[in-house]
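The values are calculated or read from the model by the stated rules, or taken from the named source; none is laboratory data. Since the structure is predicted, the reported quantities are computational estimates derived from the model, not experimental observations. Cβ: placed from backbone, ideal geometry, glycine included. Neighbour counts: every protein chain shown. These accessible areas exclude ligands, DNA and RNA; they are computed on the full protein's heavy atoms, side chains included. Shrake-Rupley method; radii C 1.70, N 1.55, O 1.52, S 1.80 Å.
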Amino acid sequence: MQQAAGRSRPIPSLRRSQSRLTADSYCIHRIIEDPEWSLAAVPQLTELCLQHIVHNFTQNPILDRLLPEHQRKVLDRLPTDLPLAVTANLVSDEDYWKRCCTERWQVCDISGYGDSWKRMFFERHLENILKSFVPNTTDPNQVLELIPLCKDYVRKLEVDQFLPPLKVDPEEEADDISDSGSDLGLGEVPIHHYDLGALVTALPYLEELHLTYGVKDCGMNFEWNLFKFTYQDCCNLAGAVKKCHKLKVFKLTRSNVDDDKTKLLVRSLLDHPSLLALNLSHNLIGDTGAQAVGKLINRSKLETLDLCNNKIHHAGAQALAQALAQNCTLTSLNLRLNYLGDEGGEAMGRALLANTTLKSIHLGSNMLSEPSAVLLSQVLAQNATLTSINLSCNHIGPDGGKQLLEGLAGNKTLTEFDLRLAEVGQENEFLIGQMLWANRHATRLAPQPQPPAEPL
């Protein structure tokens, strides 16, 4: 009975409690653990420290106190908009400066910057500031404060725009004119551009200076005053160039440089210790200016001279020819697009009979004709230095072409002779081309001179 009663006693069910326990434990499990949590996602202390260094780099740039592998990580994460006062003299990593360049400019070719991204950045950054500088409006400290940061990296400056001062209010302008009319003349308001003197003299490694005084993309706001290179501008530039003792290349193009300004510039360049190339093309230089440049040729170390597209006639050409006959450094002369005529062409021919260093001369578009060709044929027969002559766009004529062909018969050094649109005749041009091809072929086969061996 007891067993029966015991068997009949209801046994408590465990399913309910087990299910409740399972649910509770599941809930507790969900609260305690995140299924997406992973120990690998916890950053290491070193990583946290590097992140802090990057975020506070402007206030505490401790790059030089880090291990090399940590420096690399910091440099890869540094933003490119950090103040230059922080990064200029501290960060030398080229990858960082490459990011700075490519994020700022679409076209970046470092071949013209000594294959240095840092040099490219500072040169182009400085150029952009100069191009947008407005006299009497822009704070000069924008340039002056940059000098200590960029002076060790700037080798070349190419500034193809100089902005003039902003126009003043008409009433103020009238008052200024009335006050200074005795000095400036009625209605004349001075328009001077940024003075490069303080900048150029503070760049100890500057070797190239390419300048154009004018305004780009002026559109409907065009005025002739936007392209005025004043005498005061020229005085300032001449003083700056004179003090730049390491300058090797000076280009001042498309700036309306006339004879007076040329003479002023030449005076500052006489006996310059390092100038090798001078480019004054696309200006307003006449015979007087060319005579001044003639004096410079033999009082400098010039190797390249470009006076293309000026207003030089036979008198200026004769002055240049006289200097060229005595010169022993110049290797390239460009007089294209001038007005030499046959008097000037013959003068240059006589100079080339005496000169033994010039390798390239460009006399295209100079109104030359047969008399010049007769003298140049003698040059071809006697001169053993010239390798390139350009007489394109002149009226040489078939008879002049025959003279040149005869002179070239014994010449073995000339490899380029441009006679396009010179009216020399197809036969003459073909035969001259054959001789030039033979000279070029012989030049390629000739053994190249070996550099002198270094002493042991």
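Backbone amide hydrogens, once placed in the peptide plane, bring residue 309 within less than 5 Å of 282, 336, 337, 338, excluding anything fewer than 5 places away on its chain. Remark on region 29-141: hydrodynamic radius 17.2 angstrom, per the Kirkwood mean of 1/r across alpha carbon pairs. Summarised as an ellipsoid, region 235-389 has semi-axes of 26, 17, 11 Å, derived from the eigenvalues of the Cα gyration tensor scaled by 5 and square-rooted, with the largest first. When 441, 52, 272 are compared by accessible surface with a 1.4 Å probe, the order from highest to lowest is 52, 441, 272. Just check region 319-378 against the gyration tensor rule for me: Cα atoms, a ≥ b ≥ c as the square roots of the eigenvalues, rounded for a/c under 1.5, and otherwise prolate or oblate depending on whether a/b exceeds b/c. Prolate. The convex hull of the Cα atoms of region 87-139, projected and averaged over all directions, covers 4.4 nm².
State whether region 46-108 is rounded, prolate or oblate according to the following rule on the C-alpha gyration tensor (a ≥ b ≥ c being the square roots of its eigenvalues): a/c under 1.5 gives rounded; otherwise a/b larger than b/c gives prolate, and the remaining case gives oblate. Prolate is the answer for region 46-108, as a/c is 1.5 or above and a/b outweighs b/c. Under a 5 Å amide H cut-off, with hydrogens placed 1.01 Å from N, residue 418 pairs with 389, 390, 391 among residues at least 5 apart or on other chains. Estimated at the nearest 10 Å², the accessible area of residue 218 is 30 Å² with a 1.4 Å probe. Normalised radius of gyration (Cα atoms, divided by 2.2 N^0.38 Å) for region 303-445: 0.95.
The residue list 442, 382, 339 was ranked by how far each Cα lies along the charge dipole of region 303-445 toward its positive end, using unit charges on Cβ atoms, and 442 comes out on top. Across region 309-316, rounded Karplus estimates of 3J(HN,Hα) from the backbone phi angles (6.51 cos²θ - 1.76 cosθ + 1.60, θ = phi - 60°) give 6, 10, 10, 8, 9, 5, 5, x Hz, Gly and Pro being marked x. Per-residue accessible area (protein heavy atoms, 1.4 Å probe) orders 267, 77 as 267, 77, starting from the largest. Legend: residues 84, 324, sorted from most to least accessible area (1.4 Å probe; ligands, DNA and RNA excluded), read 84, 324. The 3J(HN,Hα) values that the Karplus relation (6.51, -1.76, 1.60; θ = phi - 60°) gives for region 161-166 are, in residue order, 7, 10, 7, x, x, 5 Hz. Gly and Pro appear as x. A straight Cα-to-Cα reach below 29 Å connects residue 295 with the lysines 156, 228, 242, 243, 246, 248, 251, 261, 263, 311, 359, residues fewer than 8 places away in its own chain not being considered.
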